[in-house]
Amino acid sequence: MSEKTMYEPDPGAVETYRIRDWQTLEEQSRKDPQAYWAEQAAELQWSKPWHTVLDDSDAPFHKWFVGGRTNIVTNCVDRHLEGPRKNKLALIWVGEDISKVRTFSYFALNREVEQFANVLTAMGVGEGDVVTIYLPRIPEVVFAMLACAKLGAVHSVIFAGYSADALSSRIADSKSRIVITADGSWVNGSVFPLKDIVDEGVHFSATVENVIVVRNTGQDVAMDPERDHWYHDLCALPIARGRCETVQVDSEHPLYLLYTSGSTGSPKAILHTHGGYMVGVHTSLKQTFDIRDEDRWWCTADPGWVTGHSYLVYGPLLAGATTFMYEGSPTYPHPDRWWQLIEHYGITTFYTAPTAIRSLMRFGEAWPSRRDLSSLRLLGSVGEPINPEAWRWFHQVIGGGRCPLMDTWWQTETGMFQITTVPSMPLKPGAAGRPVFGQEAEVVDEEGNPVPDGTEGLLLLKNPAPAMFRTLYNDEQRFIDTYWSRFPGRYLTGDAAKRDEDGYFWIIGRTDDVIKVSGHRLGNAEIESALVAHPEVVEAAAIGLPHDVKGSAIHVFVVLRTDREPGKELEEELRDHVAKHLSPIAKPDGMEFVDKLPKTRSGKIMRRVLRARALGEDEGDLTTLEE
Ligand code: PRX
């Protein structure tokens, strides 16, 4: 494969893209970001126009499209019912057993959403109430999210791979009264018992009154007659029938909470709002992926993560495109499952994570080459840096060398892409690209001074952006401290990066103790507290180490009670313990038993020293070490 470091756009294709002269748009949007965002927002429906694009008088608590009223569902569903999109497919869903297919036109999607919104209304859900959604990749997750949004309620989707403990702490933090789940989910041919996990997770909950259960896998589950209801029974009740108006809410009305990991403490709830998020997500998909009416868009992310929120559910529906959802994994039962689905359903745009590409590369080109992938016109990558080798394989073998590959850098916090490309830009394998229109980014040293191009430093965003989170729910001080206080006026991303002489940003990775494992965001603190919850463990430290496929692997150091002997059996037990108490995605890859952990005199674990030890590198300056 060629080792080209720059891919110029095909001039013929550029003619067809929405954005051809990106240089001018970039320049203008940076000169007057507010005018640029006002123009974008005007493409969407508002029941009351805003009077001020951005109110930054109480920064960093920014308000966007002030005075405006709308609802993201008005723009994702309702407005498409008024024209020819009414009968076009909004959602194609394929089960892990691919003979199971469910399709929904915009008309049918609306019917499902109205029905379920009527059910929620009858249960007393209204504006501002938080509803927890713990569902696998099945259509009901989309219906549930949209039904909440339609009523002005706030959804809190929790990845259906998290444990009962993780679920219960998130429910307690959000004080949610309703949980929507399924009997189980399919994972590589086996059932993952979601309902059992919910039963355990809500057992001691002070708030949960109702649990709604979707029949998905069909196995028997215990149903508490006081608390649990089958989704299909509720939707068959007379209360579910009839129209349900989309509640018009203030632009700044909360849309969802999404818990994500930080480097310290418990996971934090990122809060996104209707107006700004809607405008940002809509704009980003339109520009970066040139999304069109006829697109069949496939984002492989799970709705439990922000990528699933913005680009599996909201973004493609805002665009009036067809979103494709697959329940299963890419390698089960064979490593060509995704390629088979792209061929069969004529997917045009395919957005996935580098870890998936790296794991599929290992199976060789024979699998994709047996499939006709000519429907593809654009590719995308998200979640972690994509190494040039994986970039070229994806571009060449999957995209046939003709599909521009957009590497999109963003975060749960930013809601939408912040650094990426548009298809008419030259592409550089391994570089995320340029700040999106209306945004500026910089790389600075520890004191906040910009560093020269080519030098690594801390990545900051300079401009407020409409889809940015508004705060950390229940924790405004942490919002200020984590993101805004170190370099006032600029947003601290937590990533290290460097900018090259063409203004392209190369993301290096996290500078804090967040570990990206297969693109999933985990905090060292969560893994450590799962470990110390085991009776034999006194103390633990978790770090990320480089891994060829997963990006990072979790490596833990464990201090045991003095009377306990380390060994393989205990190691396995601790791994399973983390899977059970946090999530199978957090299972440590490597484990070392140690007598004590290196700490500073103030008692902070020196992860830098542990990392150096694990990698066999120089441990550096040890003067602050405890002894
Ligand atoms: O380190 C960056 C990495 O993922 C982090 C955000 O994780 P999360 O909130 O889970 O959101 C993931 C999906 C948006 C970032 O701080 N990251 C995300 N996208 C990229 C990336 N690193 C390099 N390149 C990317 N394209």
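Please report the spacing between the Cα centers of region 579-627 and region 223-255 in Å, no decimals.
Spelled out, the Cα-based centre of one part sits 47 Å from the other.
What's the Kirkwood radius of the chain in Å, using all Cα pairs?
25.2 Å
Quick one: with all protein chains in place, what share of the accessible area of region 501-627 is carbon or sulfur, to the nearest percent (1.4 Å probe)?
With neighbouring chains kept in place, the figure for region 501-627 is 49 percent.
Restricting to DSSP loop positions (anything but H, G, I, E, B) with no more than 16 other Cβ atoms inside 10 Å of their own Cβ, which GluC sites (Glu not before Pro) remain in region 341-414?
Here the sparse-neighbourhood loop sites are Glu365.
Express in whole angstrom the spacing between the alpha-carbon centres of region 119-136 and region 487-529.
About 33 Å separates the Cα centre of region 119-136 from the one of region 487-529.
Rolling a 1.4 angstrom probe over the protein heavy atoms, how many square angstrom per residue are accessible across region 315-435?
For region 315-435, the per-residue accessible area is 26 Å².
Ignoring solvent entirely, what values of log10 I(q)/I(0) come out of the Debye formula for region 358-509 at 0.13 Å⁻¹ when each Cα is a single scatterer?
-0.66
In terms of the ratio Rg/(2.2 N^0.38 Å) built on C-alpha atoms, what value belongs to region 488-550?
Its radius of gyration relative to the 2.2 N^0.38 Å reference: 1.49.
Would you mind getting the accessible area per residue of region 1-111, heavy atoms of the protein chains only, 1.4 Å probe, in Å²?
53 Å²
With all distinct Cα pairs included, what does the Kirkwood hydrodynamic radius of region 27-166 come out to in Å, to one decimal, could you say?
Evaluated on region 27-166, it is 17.6 Å.
Mind checking the full-extension length gain between Tyr17 and Glu127? Use 0.36 nm per residue of separation minus the Cα-Cα distance, one decimal, nm.
So the extension gain works out to 35.6 nm.
Per the 1.4 Å probe, what fraction of the accessible area of region 4-148, in percent, lies on carbon and sulfur atoms?
49 percent
First compute the accessible area of region 227-285 with a 1.4 Å probe, then give the percent of it belonging to carbon and sulfur atoms.
Reported share for carbon and sulfur atoms: 58 percent.
Run through every distinct alpha carbon pair of region 299-385 and return the Kirkwood hydrodynamic radius in angstroms, one decimal place.
For region 299-385, inverting the mean 1/r across all distinct Cα pairs yields 13.5 Å.
Give, as ranges by residue number, the residues of region 398-422 whose backbone N falls under 15 Å from the point 7 Å along Cα→Cβ of Asp475.
Counting backbone N atoms under 15 Å from the label point, the list is 412-413.
Any idea what the dipole of region 214-372 comes to, in debye rounded to 20, about its Cα centre with Lys/Arg Cβ at +1 and Asp/Glu Cβ at -1?
Once rounded to the nearest 20, the dipole reads 360 debye.
Alpha carbons only, please: Rg and Dmax for region 89-232, in angstrom.
Cα only, region 89-232: 14.6, 42 Å (Rg, Dmax).
Select from region 351-385 those trypsin sites (Lys or Arg not before Pro) which occupy a DSSP coil region and have at most 12 other Cβ atoms within 10 Å, ordered by residue number.
Taking region 351-385 and a limit of 12 other Cβ atoms within 10 Å, the loop trypsin sites (Lys or Arg not before Pro) found are Arg362, Arg370.
With charges set only on the Cβ (+1 for Lys and Arg, -1 for Asp and Glu), what does the dipole of region 110-191 come to about its Cα centre, in debye to the nearest 20?
60 debye
For region 461-584, compute Rh as the Kirkwood radius over C-alpha pairs and then the Stokes-Einstein diffusion coefficient at 37 °C and 0.692 mPa s; write the answer in µm²/s, rounded to an integer.
It diffuses with D of about 190 µm²/s by this estimate.
Please report the spacing between the Cα centers of region 263-330 and region 389-464 in Å, no decimals.
Using only Cα atoms to place each centre, the spacing works out to 18 Å.
Would you compute, for the Cα atoms of region 390-451, the largest minus smallest coordinate along each principal axis and list the three values in descending order, in whole Å?
45, 23, 22
List the chymotrypsin sites (Phe, Trp or Tyr not before Pro) within region 1-72 that fall in a DSSP loop (any state other than H, G, I, E or B) and whose Cβ has at most 15 other Cβ atoms within 10 Å.
Passing both the DSSP loop test and the Cβ count: Phe61.
Roughly how many Å² is the accessible area per residue of region 570-626, as a whole number, for a 1.4 Å probe?
55 Å²
Can you give the extra length, in nm with one decimal, that the chain gains between Val101 and Lys604 once fully stretched, where that is 0.36 nm per residue apart less the Cα-Cα distance?
The span from Val101 to Lys604 would gain 175.9 nm if fully extended.
Just subtract the alpha-carbon distance of Ser374 and Ile508 from 0.36 nm times their residue separation and send over the number in nm, one decimal.
Result for the pair: 45.0 nm of gain on full extension.
Quote the accessible area belonging to His253 in square angstrom, nearest 10, computed with a 1.4 Å probe and with ligands, DNA and RNA left uncounted.
30 Å²
If I take all pairs of Cα atoms in region 556-627, what percentage of them are more than 14 Å from each other?
Of the Cα pairs, 66 percent sit more than 14 Å apart.
Under a point-charge model restricted to the Cβ atoms of Lys and Arg (+1) and Asp and Glu (-1), what is the dipole moment magnitude of the chain relative to its Cα centre, in debye to the nearest 20?
1460 debye
Extending each Cα 7 Å along its Cβ direction at Glu573 and Val549, get the distance between those two points in nm, one decimal.
Each label point is offset 7 Å from its Cα along the Cβ direction, giving 2.9 nm.
The values are calculated or read from the model by the stated rules, or taken from the named source; none is laboratory data. A quick note: this is a predicted structure, and the numbers were derived from the prediction, not measured. Every residue, glycine as well, gets a Cβ built from its backbone with ideal geometry; the counts of neighbours run over all protein chains shown. Accessible surface is based on the protein model in full, side chains and every heavy atom, while ligands, DNA and RNA are left aside. Shrake-Rupley method; radii C 1.70, N 1.55, O 1.52, S 1.80 Å.
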